[in-house]
Amino acid sequence: MKTRVRKRSFLDVLREHLLSMVFFVVIFGMFIGGVKSAENSAETEGRRILEENLNKAIVSCYSLEGAYPQNIDYLKENYGFIYDEEKYAINYIAFADNIMPDITIIELPE
């Protein structure tokens, strides 16, 4: 008994697997989109947490000492406040001992 082997062209093979390739590309695109979304969410959450912790440290200082701190270094030395200085810059402007300082958190480019 003879077995016949049919030679198929590249286009025939491509047509047979086209649906699988399209499905793979769509799933891969969704995966990359999900990773980017998670990354953006993490960055936003990190900035929010930094702002919240800074405000807690400032209010703790005011509660314990009766005056707002004059600079960020005071919070670092006396209240254990830390943050990623390579990722964020904090603009801290203190007006007076009894007025809440003006705080701006700037995310630095990598």
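The values are calculated or read from the model by the stated rules, or taken from the named source; none is laboratory data. Since this is a predicted model, take the numbers as computed values, not measurements. Note: ideal-geometry Cβ built from the backbone for every residue, glycine included; neighbour counts use all protein chains shown. The accessibility values were calculated without ligands, DNA or RNA, using every heavy atom of the protein model including side chains. Shrake-Rupley method; radii C 1.70, N 1.55, O 1.52, S 1.80 Å.
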Under a 1.4 Å probe, counting only protein heavy atoms, Asp73 has an accessible area in Å², nearest 10, of 80
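Using a probe of 1.4 angstrom, how much of the accessible area of the chain is carbon and sulfur, in percent? Working shown, then result.
Details: 5230 of 8910 Å².
Carbon and sulfur atoms account for 59 percent of the accessible area of the chain.
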Simple SL model, points at 7 angstrom along Cα→Cβ for Ala89 and Ser60; separation in nm is 2.7
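Given R₀ = 30 Å, what would the calculated FRET efficiency be for Ala96 paired with Glu51, taking r from the Cβ atoms and rounding to 0.05?
E(calc), rounded to 0.05, equals 0.85.
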Counting only protein heavy atoms and leaving out ligands, DNA and RNA, the solvent-accessible surface of Leu75 at a 1.4 Å probe, in Å² to the nearest 10, equals 0
Scoring segment 53-110 by relative contact order with C-alpha pairs under 8 Å, at least six apart, yields a percentage of 30
Per the helix-only model, the chain has a calculated mean residue ellipticity at 222 nm (DSSP H runs of ≥4, -39500 (n - 2.57) each, divided over all residues, rounded to the nearest 500) of -21000 deg cm²/dmol
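What accessible area per residue comes out for segment 1-90, rounded to a whole number of Å², with a 1.4 Å probe? Before the final figure, lay out each step's value.
Working: 7440 Å² over 90 residues.
Per residue, segment 1-90 has 83 Å² of solvent-accessible surface.
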Heavy-atom accessible area of Lys76, protein chains in place, probe 1.4 angstrom, given in Å² to nearest 10, is 60
For the chain, whose charge dipole is built from +1 on Lys and Arg Cβ atoms and -1 on Asp and Glu Cβ atoms, the candidate among Gln70, Leu11, Ala57 with its Cα farthest towards the positive end is Leu11
For the pair Ala38 and Gln70, the simple spin-label estimate (label points 7 Å beyond Cα toward Cβ) gives in nm 4.7
For log10 I(q)/I(0) by the Debye sum over Cα atoms at q = 0.11, 0.13 Å⁻¹, with candidates (1) -0.27, -0.39; (2) -0.56, -0.66; (3) -0.43, -0.52, the value calculated from the shown model is option (2)
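Could you work out the relative contact order of segment 11-110? I mean the mean sequence separation of Cα pairs under 8 Å and 6+ apart, divided by the number of residues, in percent.
Details: 76 pairs, mean separation 19.4, N = 100.
Relative contact order, segment 11-110: 19 percent.
Using a simple charge model, +1 on the beta-carbon of Lys and Arg, -1 on the beta-carbon of Asp and Glu, nothing else, what dipole does segment 30-110 show about its Cα centre, in debye to the nearest 20?
Values: 6 positive and 15 negative charges, 44 e Å.
Charge dipole of segment 30-110: 200 debye, to the nearest 20.
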Restricting to lysines and to Cα separations under 25 Å from Lys36, and discarding same-chain partners fewer than 8 apart, the set is Lys87
Under 5 Å from the placed amide H of Tyr88, counting only residues 5+ away or on other chains, we find Leu108
